[in-house]
Each structure stands twice: as C-alpha cells, then as structure tokens.
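Trainee: Sharing a structure with you now.
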Amino acid sequence: MEGLITARINPVRASCTRHQSPSVPSYTPRLVKQVLISPIGMMKHPKSLNSVAASFKPLESLAASSSRLDNTIPSKEVLEVWQNADAVCFDVDSTVCLDEGIDELAEFCGAGKAVAEWTARAMGGSVPFEEALAARLSLFKPSLSKVQDFLEKQPPRISPGIDELVKKLKAKNTAVYLVSGGFRQMINPVASILGIPPENIFANQLLFGNSGEFLGFDANEPTSRSGGKATAVQQIRKIHGYKSLVMIGDGATDLEARKPGGADLFICYAGVQLRDTVAAKADWLVFRFSDLINSLE
C-alpha cells in the first residue's frame, strides 16, 4: 500500500458496472442488519483493461534516490527462492494497482488530503494499522451508494507489467494471492482483471446498515489490524503446505509478512513510491515488474 497518487498520465480505465452476485459461496456478502455491498467484481470487460504508466514520480527519480541501497541486485540465494516459489502474495494498493484505494475513495468523498496523511503514517509503520484504518474511515464515512458510484466512475488502474507477471507465475504453476489492507469491494475487480480467484483474496470488508449507511469495517478480517498480513500469509502457507512463499509490496505491513511460518522473501516494489525504511529491509528492491518477469526466464 502506498500514499495518494497525485498525478496521472493518460490513465486507461476499465468499463465497470454494478454486479450483485451473492450466490458465490466463499464471498457471500456478510450482512450487518441487512445491507452489505457485494464484494464480487463489478467489471464489465475485465480483460480489456491495459496497464498504464505510473506517474507518482518518474522511475528514474525513484531509482536515483535508492542509490545508497545495496539490494537492487538480488543475491544468488534470493533469486533462487524467487524462481522456485510455490506461491506469491501481492499487496494491492500502489503495488498491483497505481492507486491507494482508500485515499482515492476519500478524495472522491471530499476528504482526500486528511486521509492521505493518515495513510502515509500507517504505511510507514508509525501507527498501528487498525488505528489508522478506523481513523481514515471516520473522516469521510463512505455510504454504500457512494462506494458504488466511486467504483463505476473510477475503476482501478493496473500497474505496468503486473498482468504479464501474474501470467508468467501462473504458467509456472505458482499460486498467486492478493493480500491487502484495502477493501474487497475495490479489490475484486482487480482480481477479475488478473484472473485471480476470489478464494485467493485476503482483504478487508466495508459494512453498511439497512439504508446503506456506513457502519465500519469487519474487524474479524486478519488484514484489519497490525501484523494482519503476516497472519494471512501464515494461514495461506499452513493451509496449502507451500514450501516456499514470496511477499511483494511496498509498505511496512508487507514487510511484516516475512517471518517464520510466513514469507521466505520480501520483495519491495517501489515503482509507485519508495519508502526508504521499508526498502532498506527488503531482500530485493525493484522498480519495474519487468525485472521480476525477466528473472523468471
């Protein structure tokens, strides 16, 4: 996850429409009182969305600012783990997607600046994630209709190369997961675009009341709290018995997933934004997904 994207270069947006599919067993909407937006994807033509150019900062500027870091070239051991991973878990906001979903939604609702500041603190690891999540949502309290309107008018923007990378991993029979502190309502369209099944998504859930009013978020989701991504990754590994698992992301919560029983490797993707404290602790720092794609060939 990352901070707010403030500039755009000819973004290509996917067509999308409201699509209620409460019949899917693993993603049957959880009701609070009676209403909860369906987490199933809302994309009309998911395969038509192309990757778009990242425009938060030129990659050259980001790379130049990382010149003091010595992990931009992987060691032989790191490369071997990456090439032989049984599963790869991706963060979504500002990794798989160019945008920070909650910041974009907040901007749409008129509270962008204040929420983006909280996001920066959360992703830098300076405040507990659950505290930052609750604080951000309380600043604009998105209603059901507002979320639906946002999803129709501002579909996700996919990071350059991520579609090809996912295809390459799937061709190697490597399982691909999305593990995010964002919300299923915004992540399911992304998963649909990339061909990632709903059961491979670990994310948060917005809750609404009978009239579509905002009630909060599901605190039972592991990714709703600090250390949640690590817990989700540990669950994924334990359930499926993966021998080797890699986590790719940009924030402190992604770095946390590299622990015993969790990810063997943390690759920091800084193609949208570089966080020095996170990047410095990564096993491998990359600025383009093409670096990961080429290393698999």
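Trainee: Out of Thr95, Thr72, report the one residue that is touching a residue at least 40 places away in the same chain (Cβ under 8 Å), among the β-branched types (Val, Ile, Thr) and surrounded by fewer than 18 Cβ atoms within 10 Å (Cβ to Cβ). Walk me through it before giving the result.
Mentor: Details: Thr95 fails: surrounded by fewer than 18 Cβ atoms within 10 Å (Cβ to Cβ).
None of the other options fit; the residue is Thr72.
Trainee: Shifting gears a bit: From (1) in contact (Cβ under 8 Å) with a residue 60 or more places away in the chain; (2) crowded, with 23+ Cβ neighbours inside 10 Å, pick out the condition that doesn't hold for Ala230.
Mentor: (1)
Trainee: At pLDDT 95 or above, more than 28 Å from Thr72 (Cβ to Cβ), hydrophobic (A, V, I, L, M, F, W, C) and touching a helix residue (DSSP H, G or I) at 6+ places or on another chain (Cβ under 6 Å): which single residue out of Phe266, Phe202, Phe214, Phe289 fits that description?
Mentor: Values: Phe266 fails: more than 28 Å from Thr72 (Cβ to Cβ); Phe214 fails: touching a helix residue (DSSP H, G or I) at 6+ places or on another chain (Cβ under 6 Å); Phe289 fails: more than 28 Å from Thr72 (Cβ to Cβ).
The conditions single out Phe202.
Trainee: Now for a different question. Which residues, taken from segment 234-255, are surrounded by fewer than 23 Cβ atoms within 10 Å (Cβ to Cβ) and not small (Gly, Ala, Ser)? Talk me through it step by step, then tell me what you get.
Mentor: Taking segment 234-255 and keeping what is surrounded by fewer than 23 Cβ atoms within 10 Å (Cβ to Cβ), we get 234-244, 252.
Answer for segment 234-255, where residues must be surrounded by fewer than 23 Cβ atoms within 10 Å (Cβ to Cβ) and not small (Gly, Ala, Ser): Gln234, Gln235, Ile236, Arg237, Lys238, Ile239, His240, Tyr242, Lys243.
Trainee: Filter segment 165-180 for residues that are more than 17 Å from the chain's Cα centre (by Cα) and not hydrophobic (A, V, I, L, M, F, W, C); which is surrounded by the fewest Cβ atoms within 10 Å (Cβ to Cβ)? I'd like the intermediate steps shown before the answer.
Mentor: First, pick out the residues of segment 165-180 that are more than 17 Å from the chain's Cα centre (by Cα): 167-174.
Filter again for not hydrophobic (A, V, I, L, M, F, W, C), leaving 167-168, 170, 172-174.
Values: Lys167: 14, Lys168: 17, Lys170: 15, Lys172: 13, Asn173: 7, Thr174: 20.
My answer is Asn173.
Trainee: Consider Val88 carefully, then state whether it is touching a helix residue (DSSP H, G or I) at 6+ places or on another chain (Cβ under 9 Å), closer than 21 Å to Leu206 by Cα and among the aliphatic types (A, V, I, L, M). Explain how you work it out, then say what you get.
Mentor: On the way: touching a helix residue (DSSP H, G or I) at 6+ places or on another chain (Cβ under 9 Å): yes; closer than 21 Å to Leu206 by Cα: no; among the aliphatic types (A, V, I, L, M): yes.
No, not satisfied.
Trainee: Can I ask one more? Give segment 242-263 a look and list any residue that's acidic (Asp, Glu) and under 23 Å from Gly161 (Cα atoms), or say none. Let's see the steps before the verdict.
Mentor: We begin by selecting, within segment 242-263, every residue acidic (Asp, Glu); these are 250, 254, 256.
Selection gives Asp250, Asp254.
Trainee: Still on this structure, I have one more. Suppose we filter segment 123-144 for residues that are assigned to a helix (DSSP H, G or I) and out of contact with any strand residue (DSSP E or B) (no Cβ under 8 Å at 6 or more places or on another chain); how many remain? Break it down stepwise before answering.
Mentor: First pass over segment 123-144, keeping only residues assigned to a helix (DSSP H, G or I): 123, 129-140, 144.
Now restrict to residues that are out of contact with any strand residue (DSSP E or B) (no Cβ under 8 Å at 6 or more places or on another chain): 123, 130-132, 135-136, 138-140.
Within segment 123-144, residues that are assigned to a helix (DSSP H, G or I) and out of contact with any strand residue (DSSP E or B) (no Cβ under 8 Å at 6 or more places or on another chain) number 9.
Trainee: Determine whether segment 129-149 contains at least one residue that is surrounded by fewer than 15 Cβ atoms within 10 Å (Cβ to Cβ), farther than 18 Å from Gly249 by Cβ and in contact (Cβ under 8 Å) with a residue 40 or more places away in the chain.
Mentor: Among the residues of segment 129-149, at least one is surrounded by fewer than 15 Cβ atoms within 10 Å (Cβ to Cβ), farther than 18 Å from Gly249 by Cβ and in contact (Cβ under 8 Å) with a residue 40 or more places away in the chain, which makes the answer yes.
Trainee: Which residue is modelled with the lowest pLDDT, if the candidates are limited to segment 108-122 and must be in a helix (DSSP H, G or I) and aliphatic (A, V, I, L, M)?
Mentor: The first filter runs over segment 108-122 and keeps only residues in a helix (DSSP H, G or I), leaving 108, 112-122.
When the remaining residues are screened for being aliphatic (A, V, I, L, M), the result is 114-116, 120, 122.
On the way: Ala114: 88, Val115: 89, Ala116: 84, Ala120: 78, Ala122: 70.
Going through the qualifying residues, I end up with Ala122.
The values are calculated or read from the model by the stated rules, or taken from the named source; none is laboratory data. Please read these numbers as outputs of a predicted model, since none were measured by experiment. Note: ideal-geometry Cβ built from the backbone for every residue, glycine included; neighbour counts use all protein chains shown.
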